[in-house]
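Structure, as structure tokens:
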Amino acid sequence: TQLLEQSPQFLSIQEGENLTVYCNSSSVFSSLQWYRQEPGEGPVLLVTVVTGGEVKKLKRLTFQFGDARKDSSLHITAAQTGDTGLYLCAGARGSQGNLIFGKGTKLSVKP
Amino acid sequence: GAGVSQSPSNKVTEKGKDVELRCDPISGHTALYWYRQSLGQGLEFLIYFQGNSAPDKSGLPSDRFSAERTGGSVSTLTIQRTQQEDSAVYLCASSRQGAGTEAFFGQGTRLTVV
């Protein structure tokens, strides 16, 4: 059973389009992180959300943590080719707990 | 070092042989994670070390897999009697305190079992 479900699994869009990817769970997390991974590299942290209902913005990226702290979304406005990569959400249970990853959304932005 | 270092970066081994993968975490980070990633897929949790606590081994897929962390620093992941399905990229990460704090990843070890 996958603890964190990400959708869509694959997304191919044109430069300039908007997109949203989702991270859902039946479990409550104390915090949730979004990472981006490029080929041949390890994932790199984009943001951490902690409070239910929290919204964080990072330039063209908007992250939201669900009120019940079970789900999250990542919205990208006016996608650029440099946004191409694998987007992973990761949930933490308590500050001393493990970090569990979803299977990721593979985003391809075409010029 | 400045980041998480993993070695070797690539390893090709024959089916049935044992392999050891090494991870040097960022100095001072108490938490260390091992994950496995198949081609283009998400990260499968393997094992988690946090300070002096007993490691969380719940993700190890079989008893052929083991890991240790010596002196709260360097970690070694050992796979005994490797099988073709063990082929994957093995990623190590460390964080200052554990889940909820930023995890810094190494570049991984690409393991190919032939």
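Pick from B:Val19, B:Val12, B:Val114, B:Val89: which is out of contact with any Pro (no Cβ under 7 Å at 6 or more places or on another chain) and either within 11 Å of another protein chain (Cβ to nearest Cβ) or under 24 Å from A:Ala90 (Cβ atoms) (or both)? The unique qualifying residue is B:Val89. Out of all the residues in region B:58-65, is one or more outside any loop (DSSP other than H, G, I, E, B) and either of a type outside the set (A, V, I, L, M, F, W, C) or within 14 Å of chain A (Cβ to nearest Cβ) (or both)? The answer is no, given that none of the residues of region B:58-65 is outside any loop (DSSP other than H, G, I, E, B) and either of a type outside the set (A, V, I, L, M, F, W, C) or within 14 Å of chain A (Cβ to nearest Cβ) (or both). Number of residues in region A:96-111 that are free of Cβ contacts under 8 Å to residues at least 60 places away in the same chain and open to solvent by less than 60 Å² (accessible area, probe 1.4 Å): the value is 1. Residue check, B:Ala54 against (1) part of a loop (DSSP other than H, G, I, E, B); (2) within 14 Å of chain A (Cβ to nearest Cβ); (3) modelled with pLDDT of 95 or more, all met but one. Which one? Going through the list (1) part of a loop (DSSP other than H, G, I, E, B); (2) within 14 Å of chain A (Cβ to nearest Cβ); (3) modelled with pLDDT of 95 or more, B:Ala54 breaks only (3). One residue stands out among those in region A:70-95 that are closer than 17 Å to B:Ser94 by Cα and surrounded by fewer than 18 Cβ atoms within 10 Å (Cβ to Cβ): the one that is nearest to the other protein chains (Cβ to nearest Cβ), which is A:Ser95. The number of residues in region B:89-101 that are closer than 16 Å to B:Leu43 by Cα and open to solvent by 10 Å² or more (accessible area, probe 1.4 Å) comes to 1.
Specify the residue that is farthest from the other protein chains (Cβ to nearest Cβ); the eligible residues are those in region B:93-111 that are in contact with a Lys or Arg (Cβ under 8 Å, 6 or more places away or on another chain) and assigned to a strand (DSSP E or B). Ranking the candidates gives B:Leu111 first.
Is it the case, given these coordinates, that A:Gly40 is exposed (fewer than 13 other Cβ atoms within 10 Å of the Cβ), at positive phi, at pLDDT below 95 and of a type in the set (Gly, Ala, Ser)? Yes; evaluated as a whole, the condition is true for this residue. The residue that is farthest from the other protein chains (Cβ to nearest Cβ), among those in region A:96-111 that are polar (S, T, N, Q) and in a strand (DSSP E or B), is A:Ser108. Of all the listed residues (B:Lys57, B:Lys15), the sole one being open to solvent by 60 Å² or more (accessible area, probe 1.4 Å) and more than 15 Å from the chain's Cα centre (by Cα) is B:Lys15. The residue of region A:46-68 that is nearest to B:Gly100 (Cα to Cα), among those that are open to solvent by 40 Å² or more (accessible area, probe 1.4 Å) and within 12 Å of chain B (Cβ to nearest Cβ), is A:Val50. Here A:Ser26 meets the list (1) farther than 26 Å from B:Tyr35 by Cα; (2) open to solvent by 80 Å² or more (accessible area, probe 1.4 Å); (3) part of a loop (DSSP other than H, G, I, E, B) almost entirely, failing just condition (1).
Whether a residue is at pLDDT below 90 and either open to solvent by 50 Å² or more (accessible area, probe 1.4 Å) or over 19 Å from A:Ile100 (Cβ atoms) (or both) was assessed, and B:Ser9 does not pass this test.
The values are calculated or read from the model by the stated rules, or taken from the named source; none is laboratory data. Just so we're clear, the structure is a prediction, and the values are computed from it rather than from any experiment. Please note: Cβ atoms are built from the backbone with ideal geometry, for glycine as well, and neighbour counts cover all protein chains shown. Surface areas here come from the heavy atoms of the whole protein model, side chains and all, with no ligands, DNA or RNA. Shrake-Rupley method; radii C 1.70, N 1.55, O 1.52, S 1.80 Å.
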